[in-house]
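Contents: one structure, followed by commentary.
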Amino acid sequence: QSVYSLSSDDSYGESRGAAWVYGANKNVVNAITSTTGGVVYVAAWINLASDATQYNTVFGWGKSGEGFDFGVKDDDLFINTKHRTEKVGNFSIKKGEWTLVAVGFDPAADATTETMFRIHATGEDDQMYSYAWSGANGDGGDILNMNAPTQLTYSIGSSYSNTTSYHCDFDGMIAGVKVFTSTGFESNSTIATAMGAAPTMVVPEPTTATLSLLALAGLAARRRRK
């Protein structure tokens, strides 16, 4: 497997408010657009805000009406080929907790019996849902193919890769985004092993923070008196 880590200092991306859009890392773009076989995975740790509502996009490929997006709808995961088909898995994503989520995409899937997407969340291996390509006319399968993107860029925390999407932005925290390429769809345990432990955040005690600020203020005052 190849692994491409994405972060806010990715030189191929641009920050727009709470989202990271215009991502054009050539390795990631090549993986998503490949038609030579294999599956590309996007995985991330997410932590929904306590007041997050309905749609919260983790990853978007292509601009409005093109490509696909993946994220949380209410407390479940969704995968959406934009303006074509939306599928929602039966998950239970809790607010205020770190949850590992992932979507696998086979860009070469071209038959109703071939899986195009699989969505995952941390938990038992049976907590994943696969959706087969349904054909251009909706024959068989589960999900219509995406409209081919005219802009080959991705977003983190937004549905659209060229702008923030307002009502579909992610309300909360996203950490440790990674893109994997694999010969096939993976299990939850394999993804969890590759991603490692959940992020940890150290929040200083208010008294400690206050004392630090007071110490800095005292130092500044002494310097001014000199």
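The values are calculated or read from the model by the stated rules, or taken from the named source; none is laboratory data. Model, not experiment: these values are computed from the prediction. Heads up, the Cβs are rebuilt from the backbone with ideal geometry, glycines too, and the neighbour counts pull from every protein chain shown. Note: areas computed on protein heavy atoms with side chains; ligands, DNA, RNA excluded. Shrake-Rupley method; radii C 1.70, N 1.55, O 1.52, S 1.80 Å.
The solvent-accessible area of Arg118, taken with every protein chain present and a 1.4 Å probe, is close to 50 Å². Assuming R0 = 25 Å, what is the FRET efficiency of Ala198 and Ser92, from their Cβ-Cβ distance, to the nearest 0.05? The calculated FRET efficiency here is 0.90.
Here segment 62-126 is treated with +1 on each Lys and Arg Cβ and -1 on each Asp and Glu Cβ, and its dipole about the Cα centre works out to around 320 debye. Computed over the alpha-carbon atoms, segment 54-119 gives an Rg to Rh ratio of 0.98, Rh here being the Kirkwood radius from the mean inverse distance. Coupling constants for segment 61-70 follow from the phi torsions by the Karplus curve (6.51 cos²θ - 1.76 cosθ + 1.60, θ = phi - 60°), and in residue order they are 10, x, 8, 4, x, 10, x, 9, 9, 9 Hz; glycine and proline get x.
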